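A.B. asks: Below is the structure I would like to discuss, written out as structure tokens.
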Amino acid sequence: MLDYNEIKEIEIELTGICNLSCPLCTRNYSHANHQKHKNIRPLNELIEQFNLFPELNHVNIAGTVSEPTLYPYILEFVEYLLQRNPEIEIDFYSNASILNEKLWKSLGKLFQHPNQRMIFTVCGSTQELHQKYRVGSKLENVLQNASWFREYSKNDECQYIIFEYNTEDSGSEETKKLVNSFSKHFFIESEGRRLLNEYNKSFPKDIYPNETRAKAINTLFVKGEKLFENKEQKPVQISCISFEQKRIYIDQFGKIFACYNQAEYYPDSYIKFSVEPVSKNKLDFTSIKNFSYKDCLKCEKNIRKMIDILELDFVC
């Protein structure tokens with residue numbers, strides 16, 4: 001059990017909508033269609049829920065199926081977070097594909113403490129390469145929005161995701177120049193696979209990670225699935241990362257899950273939102289620790305060791 005008072009980190013899904021059609025995104029998984037329904041929660045309702053977690057010190061505004069800047073009260077929400085703690089840690093991931101000078105300058109004015117990071121996603125040094133994965137995005141818009149943000153804050157970071165198709169580009173002089181235009185940058189390899197995923201539509205196969213990495217990931221999942229199937233004969237140990245780090249995921253409807261994977265695969269496993277006194281609210285991780293959910297294999301002790309060795313984080 002975790003009490004609401006113990007929660008340190010929240011990953012928040014704000015809308016369930018996105019302006020892009022990235023192939024490996026959760027939005028392209030048929031089993032995750034339940035997450036794609038548009039829902040705009042009133043700001044006061046969102047704040048009321050967040051107030052239930054007095055020890056919160058880290059908020060991840062990423063969106064597993066949505067673009068955070070499409071939430072109409074995004075500035076007010078960030079202002080609220082900063083009012084409750086000016087040094088709160090914020091990781092804000094955006095595709096930044098819609099030109100909006102006022103929005104990005106305003107966000108720049110808010111992101112003043114080093115704990116508050118704005119991460120812009122780029123997948124190629126040219127429009128042709130960038131849009132192959134970021135379908136519907138304009139690279140020039142991303143760079144312009146980042147420039148407006150940078151007028152007021154140096155907390156801008158560029159995340160370049162490496163797929164098979166842009167591996168060569170990731171080491172090019174053009175890419176080096178592009179990522180160095182940001183205050184910080186980092187490269188990360190796509191994992192390209194989640195458990196049980198069935199795609200709504202097909203996409204070019206070179207959007208996967210390189211062949212060697214893809215095989216390693218597949219081996220990991222096969223091993224994990226066997227552990228799940230044989231858990232009664234050979235007990236396994238689930239070391240739930242969310243429980244250890246005292247973090248939760250909240251979807252666009254306000255439903256609380258241990259993590260976004262639980263919300264993606266097991267939509268009925270949420271903890272209903274209540275405004276009862278904090279002392280009465282408990283988050284029960286018993287079923288997770290008992291390996292009741294197949295996708296929890298990534299938190300199985302031995303699989304976690306393999307994940308650490310391969311430096312995986314399942315970014316798509």
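A.B. asks: So for the range 54-125, what are the equivalent ellipsoid semi-axes in whole Å, largest first, each being the square root of 5 times an eigenvalue of the Cα gyration tensor?
C.D. replies: 21, 14, 12
A.B. asks: Still on this model: What would the Debye equation give as log₁₀ I(q)/I(0) for the range 3-97 at q = 0.10 Å⁻¹, counting only Cα atoms as equal point scatterers?
C.D. replies: Scattering profile of the range 3-97, log10 relative to I(0): -0.28.
A.B. asks: Filter K109/K138; K8/K226; K177/K298 down to the pairs with a C-alpha to C-alpha distance above 30 Å, please.
C.D. replies: Check vs 30 Å cut-off fails for K8/K226; K177/K298.
A.B. asks: Roughly speaking, to the nearest percent, how much of the chain's 1.4 Å accessible area is carbon and sulfur?
C.D. replies: Roughly 48 percent, rounded to a whole number.
A.B. asks: Also, quick follow-up: With every atom except the alpha carbons ignored, what do you get for Rg and Dmax of the chain, in angstroms?
C.D. replies: 19.6, 60
A.B. asks: If you don't mind, there's one more thing I want to ask. At 1.4 Å probe size, with every protein chain present, just tell me what the per residue accessible area of the range 29-81 comes to in Å².
C.D. replies: On a per-residue basis, 38 Å².
A.B. asks: Enumerate the amide H contacts of N19 below 5 Å, restricted to partners 5 or more residues apart or on another chain; note that Pro and chain-start residues carry no placed amide H.
C.D. replies: Residues meeting the amide H criterion: E67.
A.B. asks: Moving on. Along the Cα→Cβ direction, 7 angstrom out, place labels at E48 and E76. What is the inter-label distance in nm?
C.D. replies: Those two pseudo-labels are separated by 1.4 nm.
A.B. asks: Now, a different point. As a test of understanding, state the convex hull volume per residue of the range 123-256 from its alpha carbons, in Å³.
C.D. replies: Convex hull volume per residue, Cα atoms: 186 Å³.
A.B. asks: A further question on this structure: On full extension of the chain, what length is gained from E168 through Y199, given 0.36 nm per residue of separation minus the C-alpha to C-alpha distance?
C.D. replies: 8.5 nm
A.B. asks: Dipole size in debye (nearest 20) for the range 92-177 around its Cα centre, Lys and Arg Cβ +1, Asp and Glu Cβ -1?
C.D. replies: I would put it at about 480 debye.
A.B. asks: Work out how much length K109 to K184 would gain on full extension: take 0.36 nm times their residue separation and subtract the Cα-Cα distance, in nm to one decimal.
C.D. replies: Difference between extended and current length: 25.2 nm.
A.B. asks: Using alpha-carbon pairs under 8 Å, 6+ residues apart, how would you state the relative contact order of the chain in percent?
C.D. replies: Relative contact order comes out at 22 percent.
A.B. asks: Same structure, new question: Based on the Cβ-Cβ distance of K154 and E232, what FRET efficiency does E = 1/(1 + (r/R0)^6) give at R0 = 45 Å, to the nearest 0.05?
C.D. replies: 0.25
A.B. asks: Which residues in the range 155-173 place their backbone N less than 19 Å from a point set 7 Å from the Cα of V135 along the Cα-to-Cβ direction?
C.D. replies: 161-166
A.B. asks: Under a straight-distance cross-link criterion of Cα-Cα below 16 Å, which lysines are reachable from K132, leaving out those fewer than 8 residues away in the same chain?
C.D. replies: K201, K205
A.B. asks: Next question, about the same structure. Could I get the Rg over Rh figure for the range 39-186? Both from C-alpha atoms, Rh via Kirkwood, rounded to two places.
C.D. replies: Reported Rg/Rh, Kirkwood definition of Rh: 0.99.
The values are calculated or read from the model by the stated rules, or taken from the named source; none is laboratory data. Please read all numbers here as calculations on a predicted model, not as lab measurements. Note that we place each Cβ from the backbone using ideal geometry, even for glycine, and neighbour counts take in every protein chain shown. Keep in mind that these areas ignore ligands, DNA and RNA; they rest on the heavy atoms of the full protein, side chains included. Shrake-Rupley method; radii C 1.70, N 1.55, O 1.52, S 1.80 Å.
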